[in-house]
Amino acid sequence: DNVDFPTSYVFGADYRLLPGVELFAEYEDAIGTDIDAQMTRVGVQASPWHRAQINSSLTNQTTEFGPRVFATVGLVQGFKLSDHWVLDLGVDSTSTVLEPDVRVFDPDRELVSGSQNEDFAAYYAGATYNSDYWSANGRVEFRDSDFVQHFLLYIICKYIITL
């Protein structure tokens, strides 16, 4: 019943074009009490060198708010600092390609599945620690969007229990 947590199904396929280069296609259908959204994504994902990943995609989104076409590009570079520590640095950006007049239900909120019309650039750094019995990861992100600038920090710890 909550627009932030619709029932969502994603169907997709990847095709290895060359070593380190994959084409992908996904279809997502989100259904809820106050939302009915479909998104189709096609793009390319490349790993040009060790622990690097470049993503680029084009997304067509249709919701009760109207259609939207946007492009996303991202770059992640990872560094193995030791047997236990890994560091990742990255940037993601989304730009609207076509934005017709859209009926906005609540202009102060974004949907959990897709975006009403918010283009952004996000810069982040993350670290992961792995041991035999537990792991932890954290990330700090700065997001500069059409509507807001903010910092995000999260830390997750996992304990491994073997029976």
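The values are calculated or read from the model by the stated rules, or taken from the named source; none is laboratory data. Treat the numbers as computed from the prediction; the structure is a model and nothing was measured. Here the Cβ positions follow ideal geometry from the backbone for every residue, glycine too, while neighbour counts run over all protein chains shown. In case anyone asks, the SASA skips ligands and DNA or RNA and just uses the protein heavy atoms, side chains included. Shrake-Rupley method; radii C 1.70, N 1.55, O 1.52, S 1.80 Å.
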What number of residues in the stretch 73-88 are under 17 Å from the mean Cα position of the chain (by Cα) and open to solvent by 80 Å² or more (accessible area, probe 1.4 Å)? 0
Residues within the stretch 1-13 that are loosely packed, with under 13 Cβ neighbours inside 10 Å and either touching a residue at least 40 places away in the same chain (Cβ under 8 Å) or not small (Gly, Ala, Ser) (or both), tallied: 8
When you go through Gly78, Gly32 one by one, which is the residue that is over 28 Å from Glu141 (Cα atoms) and without any contact (Cβ under 8 Å) to a residue 60 or more places away in the chain? Gly32
So, in the stretch 14-54, exactly how many residues are open to solvent by 70 Å² or more (accessible area, probe 1.4 Å), among the hydroxyl-bearing types (Ser, Thr, Tyr) and either closer than 24 Å to Thr96 by Cα or modelled with pLDDT of 85 or more (or both)? 2
Total residues in the stretch 76-123, condition out of contact with any Lys or Arg (no Cβ under 9 Å at 6 or more places or on another chain), modelled with pLDDT of 90 or more and not in a loop (DSSP other than H, G, I, E, B): 4
Residue in the stretch 55-68 that is open to solvent by less than 80 Å² (accessible area, probe 1.4 Å), more than 21 Å from Glu141 (Cβ to Cβ) and of a type in the set (Asp, Glu) present: yes
